[in-house]
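See structure below.
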There are 2 protein chains.
Amino acid sequence: MLTGDAVAALDPGWHPDNLAGGLLVQPGSTAEVAAVVEIARAHGAAIVPQGGRTGLVGGGITRSGEIALSLSRMNRIVRLDPLERTATVEAGAILETVAAEAALHGLEIGIDLAARGSATIGGMISTNAGGVLAHRYGVMRHRVLGLEAVMPDGSVLSDLTRIVKVSAGYDLKHLLIGAEGTLGVVTRVVLKLEPLPAATLTALFSLPSVDAVHLAVDAAGRLGSARLRMAEAMWKGYFDLTSAVQGWQDPAYDHAAPLHLALMIEGESRAALEPALLAVFEAVSDAFPGAGGLVSSSVRQDAEIWRLREDTEAVYRQYPMAPSYDVSLPLSEIEGYLEELGERLGVIDPDLSPFVFGHLADGNLHILMNRPGPLAELLANAIDAAVYRGLGARGGSFSAEHGVGSKRVGALRAHGDPVKLALMAALKAVVDPDNLMNPGKVVAPAAADPERMPSWTT
Amino acid sequence: MLTGDAVAALDPGWHPDNLAGGLLVQPGSTAEVAAVVEIARAHGAAIVPQGGRTGLVGGGITRSGEIALSLSRMNRIVRLDPLERTATVEAGAILETVAAEAALHGLEIGIDLAARGSATIGGMISTNAGGVLAHRYGVMRHRVLGLEAVMPDGSVLSDLTRIVKVSAGYDLKHLLIGAEGTLGVVTRVVLKLEPLPAATLTALFSLPSVDAVHLAVDAAGRLGSARLRMAEAMWKGYFDLTSAVQGWQDPAYDHAAPLHLALMIEGESRAALEPALLAVFEAVSDAFPGAGGLVSSSVRQDAEIWRLREDTEAVYRQYPMAPSYDVSLPLSEIEGYLEELGERLGVIDPDLSPFVFGHLADGNLHILMNRPGPLAELLANAIDAAVYRGLGARGGSFSAEHGVGSKRVGALRAHGDPVKLALMAALKAVVDPDNLMNPGKVVAPAAADPERMPSWTT
């Protein structure tokens, strides 16, 4: 166990309070995790499971008296079977490491995201992470075949099946997935793998409207000879910022378009993919004469285009701690929602303008405000309300892929289905009656000790 | 409500006892389902939700005093959005009906199975159905974006999101999925749709070994220009039976091979798919000189090949009520398992021989015995033990896609992880404290009334 200066010397990760509790344990096996849970339980100390500590919603922050339980030493790939297309890994394994190992066998995990170098498989499971391939391979929940977890009473739930078909009673791993460590500590998992494409090709389209984006994504999704891999949209404000920061410009490209869509398709060879991308472009420009675009001619240009999309730090450099949101919407609702959002933000402050970008094939939008944070409470609440309003009625979610953590406990309470909230509290009370697992995160149990609840969740 | 002769006049479906309770209600809306649940609750009457009544494990059987709640009138397609690729349907909608509607928009549900004409979407969700496309699109659990259910207290859990990315607290729909009606009544759902292929092509391979089957499936799964759609294997005994019953023979085909693999790939056109299938065949015959096969030359021949696989009734006609199993195994474990199973069955009775066929890309085997049922208890138990032994240790499951129902409650108790069993009972007790929802199925709560438990589950 690390304490005092030894903890203070560590990188706390994305949230400055991740190690604020001052106690860190790093068990090396499932049995050691169970031992830690039992000892903590005997002393009434709460446990906060931690992966890469790069979660964005404060799911890993610790307070005095809480034990940070890091899975960093449990980072082994236990088994990777190319025939079965399964990888059994410990929860602390890093996404990028597992992906590299799978690639040696021509396989991939079917999930990819910008934090690939820090995100752990266990953390991604606990937050039900998404990323750029979710339109096709689903989110983390859909990649997990088997799961092992240490429960709050120290027992081990063991369900390390390596097959997709199981209809053998309640599938309890799905309670742990997305629970952000509030119901137990995920220790090992089995992931489903997919074949890596032989070749990919990237294009960047300048488009006049959301409808044009949808048409492009739909056309790319219906190619017979190639498959859509990624479809990432950038609204003008975000594109202007990242392209300026990176000095990216192309005289043949329409920088002034209201929307930019980075597309990646995959297939047998770059040469074979070019006519497919051109067919997508023709379909779009037939319907929307204002459309333009370019097809990447090199791996270097591919990287430049994707960097435009992935460089979210550009916003935070200009607006430190800018208020950020991670919402999802059915595709047919995106345009109407953004129109209303713009109006609502304009009422709050005519200069308030969102940077919008996201995964256009699955409806996940990231929205950052052009303001440094943290905002005064009144303004913060007004913007929260403007962003969250109507998401549920439109069939979307106020939290798409980052989780609830500490940051969105209030939003879940305000916007969650009341029956769901009551059931969540009841399940938490059954599985973790002493509220020892990541207390105050995600669910706020009725019987929780108010001293333990962070003030911003109320 | 139907009673007496009106119920007796109905088709009970696959299990003769499905309507044995003698009471049937057919609510027409979620509100009516909630009203039924509240009335039943007030009278302490148990409810058995029913879909197509073609489940294979007795999940829908009713006993005296229990109310069969059929979703048959709630069979509407509420909304089908081709852009979003979502279908919102009532739980009683028939798989085939929804698939036909989706096909009008060039889309499919991503799940297909032989009972497509009777299986309801709600029933498929409750049993977490699988079928022939699961290796690619997952099982029913992976096709559900949103779900609405009437809970045992009459409240309505409403989570009709139409997006794949939700990380907003515990995902309670996954408790209902696969719970076979023991935690509530699924009333409406949102399904994710996928693009329909432009063309498909079918082949039938005669193969010398399981390894050869794996190689063929793997090669078909890595085609750049085409995609593997179905891979269904038939071991010799099953193939001999269905091909004889259907009078199927082809002088150029090796009927004596130990294994037969029906493959379907998809792509832009039949013509473009032919070289892809031939490439798969070459890869297999290079490694296994004994391999043979034929590529279908017509839609009619396609249908003939698939009928060989789907005609499971051929077994039951010869061995009425033959003992049947539905297990799943990681691909690398299939050969070893079947070898051991053969040995174990031989010890019980040298003439005992299993018909084996199944979904070779996802490891789901269906195993039927060459005996009419029901067997004497001692023999039945011995065969159960032979089939189930080692499945968990091999990373598989004793129940893959049919569910637990009444038939496999004992197997779940014998082979389920003890922590899982304890948690299941605890969750059931919280969500359905009076044990009113499909009592005696799937989970046997500690406090269950022994009078209510069917005798064969003990």
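The values are calculated or read from the model by the stated rules, or taken from the named source; none is laboratory data. Model, not experiment: these values are computed from the prediction. Don't worry about glycine lacking a Cβ; one is built from the backbone with ideal geometry, like all the others, and counts go over all protein chains shown. Ligands, DNA and RNA are stripped out before the accessible areas are found, and what is left, the full protein with its side chains, is counted by its heavy atoms. Shrake-Rupley method; radii C 1.70, N 1.55, O 1.52, S 1.80 Å.
Miscellaneous remarks
- Segment B:148-227 - Rg and Dmax from Cα coordinates, angstrom: 20.5, 56
- Per-residue SASA entry for A:Glu96, accessible area with 1.4 Å probe, Å² rounded to 10: 100 Å²
- In this calculation the C-beta distance from A:Glu96 to B:Asp5 is compared with R0 = 56 Å, giving a FRET efficiency of 0.25.
- Here segment A:202-261 is treated as a sphere whose radius is the Kirkwood value from Cα pairs; by Stokes-Einstein at 10 °C and 1.306 mPa s it diffuses with a coefficient of 128 µm²/s.
- Accessible surface of B:Thr200, taken over heavy atoms with a 1.4 Å probe and every protein chain present, rounds to 40 Å².
- Seen against the Cα atoms of chain A and their longest principal axis, helix A:377-388 is set at about 60 degrees.
- Partner chain coverage, peptide A:420-426 - average Cβ within 10 angstrom: 5
- When only Cα pairs below 8 angstrom with a gap of at least 6 residues are kept, segment A:148-243 shows a relative contact order of 23 percent.
- Ranked by solvent-accessible area (1.4 Å probe, protein heavy atoms only, all chains present), the residues B:Arg389, A:Arg408 order from largest to smallest as B:Arg389, A:Arg408.
- Proximal charge balance of B:Leu157 [Cβ under 9 Å; K/R count +1, D/E count -1]: -1
- Spatial separation of Cα centroids for segment A:122-184 and segment A:360-399, in angstrom: 27 Å
- Rg and Dmax of chain B, both derived from C-alpha coordinates alone, stand at 22.4, 69 Å.
- Translational diffusion coefficient (Stokes-Einstein; Kirkwood radius from C-alpha pairs) of segment A:320-427 at 25 °C, 0.890 mPa s, in µm²/s: 170 µm²/s
- Accessible carbon and sulfur surface of segment A:166-254 relative to its total accessible area, %, 1.4 Å: 52 percent
- Theoretical FRET efficiency, 1/(1+(r/R0)^6), r = Cβ-Cβ of A:His255 and A:Leu83, R0 41 Å, to 0.05: 0.25
- With a cut-off of 14 Å between beta carbons, the residues surrounding B:Ala385 carry a summed charge of -1, where Lys and Arg count +1 and Asp and Glu -1.
- Projected label points at A:Ala199 and A:Arg73, each 7 Å from Cα along the beta carbon direction, are separated by 4.8 nanometres.
- Computed [θ] at 222 nm, deg cm²/dmol, chain B (DSSP H ≥ 4; -39,500 (n - 2.57); rounded to nearest 500): -9500 deg cm²/dmol
- Largest-first ordering by accessible area, 1.4 Å probe, given options B:Asp286, A:Asp218, A:Asp432: B:Asp286, A:Asp218, A:Asp432
- Dividing the convex hull volume of the alpha-carbon atoms in the protein assembly as shown by its residue count gives 163 Å³ per residue.
- Residue by residue along B:327-337, Cβ atoms of other protein chains within 10 Å of the local Cβ number 4 on average.
- Antiparallel bridges, percent of DSSP beta bridges restricted to the protein assembly as shown (to nearest 5): 90 percent
- Estimated D of segment A:77-195 in µm² per second, where Rh is the Kirkwood radius over Cα pairs and Stokes-Einstein applies at 10 °C, 1.306 mPa s: 113 µm²/s
- Semi-axes of the equivalent ellipsoid for segment A:2-70, computed as √(5λ) from the eigenvalues of its C-alpha gyration tensor and ordered from largest down, come to 19, 13, 12 Å.
- With the whole protein complex present, B:Arg222 retains an accessible surface near 100 Å², based on a 1.4 Å probe.
- Distance violations [Cα-Cα > 30 Å] among A:Lys441/B:Lys173; A:Lys441/B:Lys441; A:Lys173/A:Lys420; B:Lys407/B:Lys428; A:Lys236/A:Lys441: A:Lys441/B:Lys441; A:Lys236/A:Lys441
- In the assembly of identical copies, B:Gln249 has its label point, taken 7 Å from Cα in the direction of the beta carbon, separated from the corresponding points by 7.9 nm (ascending, one decimal).
- DSSP finds beta bridges in segment B:12-101, and of those with both partners inside it, around 40 percent are antiparallel.
- Ranked packing of B:292-299, B:16-23, most packed first, by mean Cβ within 10 Å: B:16-23, B:292-299
- P(r), alpha carbons of segment A:199-310 - 10 Å bins starting at zero, rounded %: 15, 52, 31, 3
- The modelled label-to-label distance between B:Ala279 and B:Ile39, using points 7 Å beyond Cα along the C-beta direction, is 6.2 nm.
- Of B:Leu278, A:Leu113, the residue with the largest accessible area leads and the full order is B:Leu278, A:Leu113 (1.4 Å probe).
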